[in-house]
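Every number in this text was worked out from the coordinates using simple rules, so none of it is lab data. Note that the structure is a prediction, hence the values are computed from the model and not measured. Quick reminder, even Gly has a Cβ in these numbers, built from the backbone with ideal geometry, and neighbours come from all protein chains shown.
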Amino acid sequence: MAEIVRTHERRTSVNGNDELGEVKWAKHYSSNHQILLVGEGDFSFSLSLATSFGFASNIVASSLDSYDVVMKKYKRAKTNLEMLCNFGAQILHGVDSTIMKLHTDLRMRKFDRIVYNFPHAGFLGKESDDLVIMKHRNLVRGFLRNASGMLRPNGEIHVTHKAARPFDSWNIEELATQSGLTLIQCVEFKIEDYPGYNNKRGAGRNPDRAFPLGECNTFKFIVTSKTMNLMRQKPQEIPLQRANEEIVMNPLQSGDCFWIFKEYFNHARSTFGEPDYFFRMMFRTC
Ligand SMILES: C[S@@+](CC[C@H](N)C(=O)[O-])C[C@H]1O[C@@H](n2cnc3c(N)ncnc32)[C@H](O)[C@@H]1O
């Protein structure tokens, strides 16, 4: 059963009108969220969310494949797409997630949730092959880099992925860090949370077939804040400017500035010990 929580809240619809609506939740997704789905197969995941919300004017559902290819690959696609359209979703085909921030219909848009379920670059050989893993990783990295620039404040990027070997060696968290993202949660994915969703192979001889899920997780990422970035830097990597060090260290030369901030320095010293590089750097940015 889908986890649907109903509350009454004011919501801003896509066209900007404020309406007193019933906010519905389908697991991690709310009818209040602007949601972008990429790499859809037969669009059954998007339809599952739309059905839970009762509308889909907040959903942009996309596939890499053209409309014609989607029709050929998936027998339920026509019905799913018709239903999504009736719910008010925007459907886009030919969206490459690795360059999507430049897409005509996406480049001006920002989203609360950007979702890619089971990214996969196609059946290119043995899944344990280094070259194959590299192709999959390039896809995920490209997606994360693009998505990171398409989020609204407090927005999240969700990637659902198999936990078993060799899929765990894609190391999605590392790819996210390289893309300026931070993992905030990794939760077990249960397909029964999304009634009607059929996971698809999407490529090869039987693209319409489901693949065995086994243990799967949804990784949730947010854009790494500037503060977090500063904390992550190793102290010795921070370039120091002599003049600014003097402000902290030398009351005689720094004049008013030192006396104005003296109490703060004392507090910081007692908290952090002697002023270290990080402390000096914080002061420099004041
Ligand atoms: C394993 S299938 C999963 C399909 C669907 N997300 C699902 O859960 O059923 C992988 C999907 O990734 C898509 N894909 C591969 N490369 C892509 C890219 N560069 N941009 C967007 N989608 C891509 C494929 O077309 C395919 O639909």
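One table, with the values for the structure above:
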item	result
Ranked by how many other beta carbons lie within 10 Å on average, peptides 35-46, 86-97 from highest	35-46, 86-97
Per-residue Cβ neighbour rank within 10 angstrom, fewest leading, 157, 191	191, 157
Proxy reagent accessibility, fewest Cβ within 10 Å first, across 120, 28	28, 120
Residues residue 205 and residue 134, FRET efficiency given R0 of 22 Å [Cβ-Cβ distance, rounded to 0.05]	0.40
Convex hull volume per residue in cubic angstrom - Cα atoms of the stretch 84-123	113 Å³
Dipole axis of the stretch 6-225 (+1 Lys, Arg; -1 Asp, Glu on Cβ), positive-most option in 203, 33, 86	203
Non-local Lys pairs in the stretch 59-115, i.e. 8 or more apart or on different chains, that have alpha carbons under 28 Å apart	5
FRET efficiency, 1/(1 + (r/R0)^6) with R0 30 Å, evaluated for residue 23 and residue 174 via beta carbons	0.30
Residue order, fewest to most beta carbons within 10 Å, for 71, 108	108, 71
Viscosity 0.890 mPa s, temperature 25 °C, Stokes-Einstein D of the stretch 6-225 from Kirkwood C-alpha radius, µm²/s	139 µm²/s
